[in-house]
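The values are calculated or read from the model by the stated rules, or taken from the named source; none is laboratory data. All of these numbers come straight from a predicted model, not from anything done at the bench. In this analysis, Cβ positions are derived from the backbone assuming ideal geometry, glycine residues included, and neighbour counts consider all displayed protein chains.
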Amino acid sequence: MNILSIIASKDLSGGGPIYLCNSQKKFLSKKCYIKIFSINNIKIVKFILFFLGYKRKKIINILLKFSLVHFHDVWSIRHHLLAVILRKLSIPYIFSIHGHFDIWSLKKNYLLKKIFFLLFKKNFILASGLQISSTEELNEAKFFLQNENINFFLISNGVDININDIDFNKKKLDTNIIKLLFFGRIHPKKGIELILHSFKKILSYKKDQIINYNLTIVGPGEKYYLKKIKNLVLDLELVSFVKFLKPIYEHRDKINLLTSYDIFLLPSFEEADSIALKEALACGLPVIISKECRFNEVEIFNCGLILDKNTSDDLCMAIKKLSDTKLLSVMGKNSAQLIDKKYKSSLMNENFYEIYFDVMNGTRVAKNWLCNNYRP
């Protein structure tokens, strides 16, 4: 089985798509061949030339080497032009939604996205499957697509951090210092400004100087927004308490970073299925997240807190509530066990292989198909 995974870019700062592709290539290497291809390297004019006959035979021969094409973007014209070609060649394809139908995301250029969808509606309807990562994402996708004939399958993101990689005996909590961490893409939707305003309030409580706090922000981001965040740190007079680190992508470096902190913060305004959140949990890090992170297991398995409202006051109170070393220790172990039990990459990639197998054989045997009444 030869799989062609189409992504916009192989840049590791891109988050979910490239993480998922690399994970699949690693875990499924003995079962199938996976080729990761960055389609943004191809100019639109080359697609037009193909439809006019230029190098058509050569390109067709390349595509026919693959049993299935897996797209990781729904709003890319390159992806959809290729999908048109695949339909003509009877090569099956699937889409991973990656949060593109979330309400927060759709609000940006909604009219253009609606027009784009109407132009390429057939590509969605005739796809062999659309991957969603949660029931919330399914409801949003159905609302936007307005079509009951689309085949959905639910597979959440998994992470490649083993519970055996974490030495809980070495993870000692300092009763005098609580180290807070934001780890992920530095983007307006992530709630970083909210974190800073909450942090300012915590430091302003003069009576609570028994516990000291510091905050570290780690991740890639657009220069304009990174500059805005650093200026906010200056304006709030937090320079002595907040530090910025460069993005970290290597497996061991991530583990070393995440196990060095006490609480992971993600008061996001929109998340599809945060990999950074699951990596933090896998490393035994209690978390404080927003409802928009769509990860209720945090409270079900006692791994942290979910904010009732995404406000600086609520986040401030949540941080203070978790500032107990005994509570953090219990939650940390729960966090690692949750990911080890339900969200390991090996498990999720095995689910993908079963979907691939079904698509290739025209069957619907895999349990993750929604038509099989799958519930996570």
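Any residue in segment 287-295 that is assigned to a helix (DSSP H, G or I), at pLDDT 95 or above, aliphatic (A, V, I, L, M) and touching a helix residue (DSSP H, G or I) at 6+ places or on another chain (Cβ under 8 Å)?
no
Could you list, in sequence order, all residues of segment 27-43 that are in contact with a Phe, Trp or Tyr (Cβ under 9 Å, 6 or more places away or on another chain) and in a loop (DSSP other than H, G, I, E, B)?
Scanning segment 27-43 gives Leu28, Lys31, Cys32.
Output the residue which, of all residues in segment 239-281 that are aromatic (Phe, Trp, Tyr) and in contact (Cβ under 8 Å) with a residue 40 or more places away in the chain, is farthest from Gly191 (Cα to Cα).
Within segment 239-281, the first condition is being aromatic (Phe, Trp, Tyr), and the residues that meet it are 241, 244, 249, 261, 264, 269.
With in contact (Cβ under 8 Å) with a residue 40 or more places away in the chain added as a condition, the list becomes 241, 249, 261, 264, 269.
Numbers: Phe241: 18, Tyr249: 22, Tyr261: 19, Phe264: 13, Phe269: 7 Å.
Taking the candidates together, the pick is Tyr249.
Scan (1) modelled with pLDDT of 95 or more; (2) outside any strand (DSSP E or B); (3) surrounded by 17 or more Cβ atoms within 10 Å (Cβ to Cβ); (4) of a type outside the set (Asp, Glu) for the single condition Lys254 breaks and write down its number.
(1)
Testing Lys228 on (1) buried (at least 20 other Cβ atoms within 10 Å of the Cβ); (2) farther than 23 Å from Cys303 by Cα, one condition comes back false. Which one is that?
It fails just one condition, (1).
Among the residues of segment 67-85, write down those that are of a type in the set (Val, Ile, Thr) and under 12 Å from Ile7 (Cβ atoms). Can you show your working first?
Going through segment 67-85, the residues of a type in the set (Val, Ile, Thr) turn out to be 69, 74, 77, 84-85.
Passing the criteria: only Val69.
Each row is one residue, and each column tells you yes or no for (1) of a type in the set (Asp, Glu); (2) out of contact with any strand residue (DSSP E or B) (no Cβ under 8 Å at 6 or more places or on another chain); (3) outside the structural domain of Phe269 (by TED's automatic domain parsing); (4) surrounded by fewer than 17 Cβ atoms within 10 Å (Cβ to Cβ).
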residue: Leu305; (1), (2), (3), (4): no, no, no, no
residue: Lys309; (1), (2), (3), (4): no, yes, no, yes
residue: Ser312; (1), (2), (3), (4): no, yes, no, no
residue: Leu315; (1), (2), (3), (4): no, no, no, no
residue: Lys321; (1), (2), (3), (4): no, no, no, yes
residue: Thr325; (1), (2), (3), (4): no, yes, no, yes
residue: Asn334; (1), (2), (3), (4): no, yes, no, no
residue: Leu338; (1), (2), (3), (4): no, yes, no, no
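Let me spell it out: the conditions are (1) farther than 22 Å from Thr325 by Cα; (2) part of a helix (DSSP H, G or I); (3) of a type in the set (A, V, I, L, M, F, W, C), and Leu238 meets all of them except one. Which number is the exception?
(2)
Could you tell me which of the residues Lys88, Lys108 is of a type in the set (D, E, K, R), assigned by TED's automatic domain parsing to the domain that holds Asn368 and under 22 Å from the mean Cα position of the chain (by Cα)?
Numbers: Lys88 fails: under 22 Å from the mean Cα position of the chain (by Cα).
Matching residue, one of Lys88, Lys108: Lys108.
Can you tell me how many residues within segment 1-26 are without any contact (Cβ under 8 Å) to a residue 60 or more places away in the chain and outside any helix (DSSP H, G or I)?
Let us first name the residues in segment 1-26 that are without any contact (Cβ under 8 Å) to a residue 60 or more places away in the chain, namely 9-11, 14, 18, 21-22, 25.
Those still in the list that are outside any helix (DSSP H, G or I) too: 9-11.
Adding up the residues that qualify gives 3.
Of all residues in segment 86-115, which are under 20 Å from Met1 (Cα atoms) and of a type in the set (Val, Ile, Thr)?
Within segment 86-115, Ile91, Ile94 qualify.
Within segment 257-282, work out how many residues are at pLDDT 95 or above and aromatic (Phe, Trp, Tyr).
1
Does Pro188 satisfy being buried (at least 16 other Cβ atoms within 10 Å of the Cβ), closer than 27 Å to Phe295 by Cα and not aliphatic (A, V, I, L, M)?
Values: buried (at least 16 other Cβ atoms within 10 Å of the Cβ): no; closer than 27 Å to Phe295 by Cα: yes; not aliphatic (A, V, I, L, M): yes.
When the stated conditions are applied, Pro188 does not pass them.
Conditions: (1) touching a residue at least 24 places away in the same chain (Cβ under 8 Å); (2) within 23 Å of the chain's Cα centre (by Cα). Lys142 meets all but one. Number of the miss?
(1)
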